[in-house]
1. Which members of the range 1-14 meet the condition of being open to solvent by less than 100 Å² (accessible area, probe 1.4 Å) and hydrophobic (A, V, I, L, M, F, W, C)?
2. Pull up the range 15-49, narrow it to residues that are open to solvent by less than 100 Å² (accessible area, probe 1.4 Å) and of a type in the set (A, V, I, L, M, F, W, C), then point me to the one that is nearest to Lys2 (Cα to Cα).
3. Among all residue pairs at least 6 apart or on different chains, which show Cβ distances below 6 Å where the first residue, located in the range 30-45, is within 13 Å of Gln11 (Cβ to Cβ) and free of Cβ contacts under 8 Å to residues at least 40 places away in the same chain and the second is open to solvent by less than 70 Å² (accessible area, probe 1.4 Å) and in a helix (DSSP H, G or I)?
4. Answer yes if at least one residue in the range 54-63 is surrounded by 10 or more Cβ atoms within 10 Å (Cβ to Cβ) and either touching a Lys or Arg at 6+ places or on another chain (Cβ under 9 Å) or closer than 15 Å to Gln11 by Cβ (or both), and no otherwise.
Amino acid sequence: MKITPIEIEQQQFGRAMMGWNPDEVRRFLADVSRELEGLNRENTRLKEELLRRDQSLEELRANEGQLRDTLAAAGR
């Protein structure tokens, strides 16, 4: 179940006779929402960084193959 930061902030709870303090609940949900938003941003950034590194690795592997071929040809 995916929960977005906005859903956390907008979550409503029913009232009960001896329920939770509504202000404390709102503050906590706002804190959780901000934390989740930050984690989502970091996750996106890390995914993009991983993609860039994967692309760089593929380029290096291609270059390595070309160097091996060149060395083999020079050795013959």
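The values are calculated or read from the model by the stated rules, or taken from the named source; none is laboratory data. Being a predicted model, the structure only gives us computed values, none of them experimental. Here the Cβ positions follow ideal geometry from the backbone for every residue, glycine too, while neighbour counts run over all protein chains shown. Note: accessible area is taken over every heavy atom of the protein model, side chains too, but ligands, DNA and RNA are not part of it. Shrake-Rupley method; radii C 1.70, N 1.55, O 1.52, S 1.80 Å.
1. Answer for the range 1-14, where residues must be open to solvent by less than 100 Å² (accessible area, probe 1.4 Å) and hydrophobic (A, V, I, L, M, F, W, C): Ile3, Ile8.
2. Checked the range 15-49; the qualifying residue nearest to Lys2 (Cα to Cα) is Leu36.
3. Filtered contacts from the range 30-45: Val32/Ile8; Ser33/Pro5; Ser33/Ile8; Leu36/Pro5.
4. No: zero hits.
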